[in-house]
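Here is the structure we will look at, set down as structure tokens.
The values are calculated or read from the model by the stated rules, or taken from the named source; none is laboratory data. Predicted model only: the values in this text are computed from it and were never measured. Cβ atoms come from the backbone with ideal geometry, glycine included; neighbour counts cover every protein chain shown. Remember, those area values only see protein heavy atoms, side chains included, never the ligands or the DNA or RNA. Shrake-Rupley method; radii C 1.70, N 1.55, O 1.52, S 1.80 Å.
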Amino acid sequence: MRYVYPSPQPDAAPHATPDEFRAALSQLAAGVSLVTVHDPEDGEDIGMTATSFLSVSLEPPLVLISVREDSRMDEVLSRVDTWAVSVLAEGQKTLGSRFAMKGRLSDRLLFGDTPHRRGPQTGAPLIEGALAAVECRTEQRIPAGDHTLLVGRVLEATVPAPGGRPLLYFRGGYRTLG
């Protein structure tokens, strides 16, 4: 049996400002990933840089991603239940930046010159040179503030670059180990 314990939400409860919250969380180093999905409706590939990717469960294998509400990625993932995540390597900073830019080129152009292959389970782009890749099927969509959390069952996981080094995001910028 599952229990959900709602936290009290008084109307006048204090809360951190967005700037305070951003400054505090910038102290947490996070791995950089590229979330991808193939939209069969229009044949397009969509990609989004994410630092909010984490393991949820080993049995069954579950992961979680966070996507901005009302984004193109959120809209597509509300219709398409399979997607992939490529864990970026330290040499893929430019790629991470390109898929994170607001007002960027179309995803079609970005994928056009990004080496990738199709995931066998999802058809989503898997980035060549990434440290690891997981293909997932959405199990839960959870509204959370201005984002949607997606819990995905891992259908396939690969580690094409086991000796590689990760690309990290820390204090508002990309970093590497050491």
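Key figures for this structure:
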| quantity | calculated |
| --- | --- |
| Added length on full extension, which subtracts the Cα-Cα distance from 0.36 nm per residue, residue 17 to residue 171 | 53.7 nm |
| Cα-based radius of gyration of region 16-93 once divided by 2.2 N^0.38 Å, which approximates compact folds | 1.26 |
| Region 138-178-region 63-93 distance, computed between alpha-carbon centres (Å) | 9 |
| Helical contribution to [θ] at 222 nm, DSSP H n ≥ 4, -39,500 (n - 2.57), averaged over the chain, rounded to 500 | -4000 deg cm²/dmol |
| Within-15-Å neighbourhood charge of residue 147 [Cβ basis; K, R +1; D, E -1] | -1 |
| The chain - charge dipole about Cα centre, Lys and Arg +1 at Cβ, Asp and Glu -1, debye rounded to 20 | 540 |
| Residues of the chain: accessible area per residue with a 1.4 Å probe, Å² | 60 |
| Chain lengthening between residue 69 and residue 44 when straightened (0.36 nm per residue, less Cα-Cα) | 7.0 nm |
| Extent along principal axes [Cα atoms of region 118-178; Å; largest to smallest] | 37, 32, 15 |
| Loop-exposed GluC sites (Glu not before Pro) per DSSP, neighbour cap 15 Cβ within 10 angstrom, longest uninterrupted part of the chain | 70-127 |
| With at most 11 other Cβ atoms within 10 Å, longest stretch of the chain clear of loop trypsin sites (Lys or Arg not before Pro) (DSSP) | 3-78 |
| Carbon plus sulfur fraction of accessible area for region 37-92, probe 1.4 Å, in percent | 52 |
| Rg ratio (alpha-carbon, reference 2.2 N^0.38 Å) - region 1-150 | 1.13 |
